[in-house]
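To start, the structure itself, in structure tokens.
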Amino acid sequence: MSDNTKQFRLIVYIKEGLEWLLAADPNVFVAGDLLWYPIEGDNKTRIGPDVLVAFGRPKGDRGSYRQWEEGGIAPQVVFEVLSPGNRVAEITRKFAFYQRYGIEEYYVYDPDEGTLNGYLRRGENLEAVEMMGWVSPRLGVRFELSGEELQLWRPDGARFESYSEIAARAEQERERAERERERADRLAERLRQLGLDAE
């Protein structure tokens, strides 16, 4: 669970951006703050990634991600957004969990420090990515830090947008369409007044 509004906003930004990016593929599951249980019958071995992506799994609602009910498929990509409450021991424990249970790509963003770290699976280990201004092999998403702010870019070059940015753009488009309709109505009225309207 998120510890503060900044962390929650960033989790939603990443999760919803990935949902939008992967919406056309019915076999990619994206979730936020969902418990993942990798071992059947073991309810103590679990973790709740801030965002997880599982390719080869159908979209839909779940109470948790039970790997044995998901064709044995572990999530391939995980994002964590750190908060001031995260301790080194907790971060170390999460890294070990993701390494042990098969994550292919692991990304950790610290909004307070303005740092982004990435790890890729090489054999049995998650190894650090040297330079994080790069493209995710699984997602095709480019990561950037603009100042200290995380930005994600779609494969088509469009930047992930927040809900408020999308809503503002939709409102601007609605207002533009309304102005166009009013202009067309005025022109039609003027033509009618001149007797030039079409029958």
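Structure notes:
- Rounded, prolate or oblate (a/c below 1.5 giving rounded, otherwise prolate when a/b exceeds b/c) for the stretch 76-116 by Cα gyration tensor: oblate
- For the residue pairs 59/94; 6/44; 15/94, alpha carbon separations beyond 22 Å are given by 59/94; 6/44.
- Gaussian network model of the chain, Cα within-10 Å springs - most flexible of 176, 186, 121: 186
- Computed over protein heavy atoms with a 1.4 Å probe, the accessible surface of the chain works out to 59 Å² per residue.
- Using just its DSSP H runs of length 4 or more, each adding -39500 (n - 2.57), the chain gives a mean residue ellipticity at 222 nm of -10500 deg cm²/dmol after division by all residues.
- Rounded Å value of the spacing that divides the Cα centres of the stretch 73-147 and the stretch 6-56: 14
- Inter-probe distance in nm under a simple model that places probes 7 Å from Cα toward Cβ, at residue 194 and residue 101: 7.2
- Sorted largest first by accessible area at a 1.4 angstrom probe radius, with every protein chain in place, the residues 5, 115, 45, 92 fall in the order 5, 92, 115, 45.
- Taking Cα centre as origin and charging only the Cβ of basic (Lys, Arg, +1) and acidic (Asp, Glu, -1) residues, the dipole magnitude of the chain rounds to 280 debye.
- Carbon plus sulfur fraction of accessible area for the chain, probe 1.4 Å, in percent: 50
- Projecting label points 7 angstrom from Cα along Cα→Cβ for residue 87 and residue 182 puts them 6.0 nm apart.
- In the chain, the longest principal axis of the Cα atoms and the axis of helix 88-100 are about 90 degrees apart.
The values are calculated or read from the model by the stated rules, or taken from the named source; none is laboratory data. Just so you know, these numbers come straight off a predicted model, no measurement behind them. Here the Cβ is made from the backbone with ideal geometry for all residues, glycine too, and neighbour counts use every protein chain on show. Surface areas here come from the heavy atoms of the whole protein model, side chains and all, with no ligands, DNA or RNA. Shrake-Rupley method; radii C 1.70, N 1.55, O 1.52, S 1.80 Å.
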